[in-house]
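What follows is calculated from the coordinates using simple rules that are stated; it is not laboratory data. All values derive from a computational prediction rather than experimental measurement. All Cβ positions, even for glycine, are placed from backbone atoms using ideal geometry, and neighbour counts span all protein chains on display.
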Amino acid sequence: MAETQDRIHNPRNEFTNLKSECRPNAYAALVSFFPEDPGPSLIDERLRFGSADRVHLHGLSPAREPEIAGFIRLNDDIARAAFNGESKQIVENFGVQSDLGPSQKKRSQSLNRPAVSTKATLLTTHFSSMKPRLLTGTITALVTPFTKGQVSFADLKKLVEHQIRGGIDGLVPVGTTGESPTVTHEEHIAIIRATVEAARGRVPVIAGTGSNSTHEAVELTRLSHEAGADAMLVVAPYYNKPGPEGLYRHFCAVADSTDRPIILYSIPGRCGIEIGIPVVERLRKKYKHVRWIKEAGGSVDRVDQLKQALGTDITVLSGDDSLTLPFMAVGAEGVISVGSNLYVREISQMVKLALAGDFTRARKAHQRLYPMFKAIFIESNPSPIKFALVRAGIIASAEVRLPLTEISATSAQALTSVLAGLDR
């Protein structure tokens, strides 16, 4: 294992080199689950996040040494965790079937390990924290750029490139930050499709498909699946305030329309209700692909309660930039961030430090970023972050659609002052 670590001198550059040799949206590093018999790392050039079907593992071939140098293998601790249930979850979530021969199965049983394919793995190409779970880390809730009333797909592409250069772990188009309430259905799916095309399989695309109409949420989920989205972010129904049974049936209808991962989104300040923990427990018990929740209720207690109830069976993502670090201190595994539209590297670094257990350095990063976390909500989101993106030259216009408006001159001055402090 030490030898493997020595080879990981620059994971992201090696990752880029590999991408230039393979079809950009069709490969993944594959690592053996058996540390005493590691075998070769493998590249599956047919593993697609954007395919029409759920993820498959087939057509495997040995990787050349330069191709695997930057990929992060499972260390002993993570391997043990995998044997204790994580590998089973990977099989459940992503349809990986055992392909072990009789002798391998016998050996696996003698070692008291699950008979999981040696080709199965975690899709990890990120920081040396070696986080073993998918859809964690820093995920950006993308703004939707507009120019003269129309979606600016050119600026959207620039924004996606800015994200990937900065090392983002995932992208969420047409969430609340993407102004989903004011785009048409046709624009909604076009934005998702454009994000998928711009990302080119380099990071997962998590489509915002929530609605207070169950029929509409199901239809948006189905169309987003067809457009190539890797996962769905589904907010609790807003305004009509269903009870626990209505919430459960709503999410069941959405989950039945796709087999791709679903991130529940609880934000009582906008919806008037939260997704109760008993509802989360029922959904998690019924659906293998409903194991994530974006928590934007502003309560560390709530994150603690979710982890107490479900443990590692639920992945919590912060929905508030300023609360990311406190949430991670009690078990959250990342953030769906507004601030990372602009400050990709800085927020990603803070989250990676927290995932690695280095809360001393993560706290310093948080303290530096905290004024920005508050300032980008000086007025209704996403108006302030769009102003900041224009100031940085990443998009051309801070335009938003009514009933939102661009930020006032007073707010612009205050926000500029905060951003200037981070420029130094």
Per-residue HN-Hα couplings for the stretch 283-299 [Karplus 6.51, -1.76, 1.60; θ = phi - 60°; Hz; x = Gly/Pro]: 5, 5, 5, 8, 10, 5, 9, 10, 9, 10, 8, 8, 10, 10, x, x, 10
5 angstrom amide H check on Gly170, placed H, neighbours 5+ away: Thr140
In nm, spacing of pseudo-spin labels at Ala396 and Val300 (7 Å Cα→C-beta vector): 4.6
Efficiency of FRET between Arg200 and Arg345 - r from beta-carbon atoms, R0 25 angstrom, step 0.05: 0.80
For Glu406, residues with placed amide H under 5 Å, excluding near neighbours: Val400
Computed lengthening from Asn212 to Tyr370, 0.36 nm per intervening residue step minus Cα-Cα distance: 53.6 nm
Gln150-Ala253 FRET efficiency (beta carbon distance; Förster radius 30 Å; 0.05 resolution): 0.40
Full-stretch length increase - Glu219, Ala409 - with 0.36 nm per residue and alpha-carbon distance subtracted: 64.4 nm
The stretch 309-424 - Debye-derived log10 I(q)/I(0), Cα point model, q = 0.11, 0.23 Å⁻¹: -0.39, -1.25
Between the stretch 234-270 and the stretch 364-424, the Cα center-to-center distance that results, in Å: 30
Modelled label reach - Val330, point 7 Å along Cα→Cβ, the stretch 296-320 residues with backbone N closer than 12 Å: 297-309
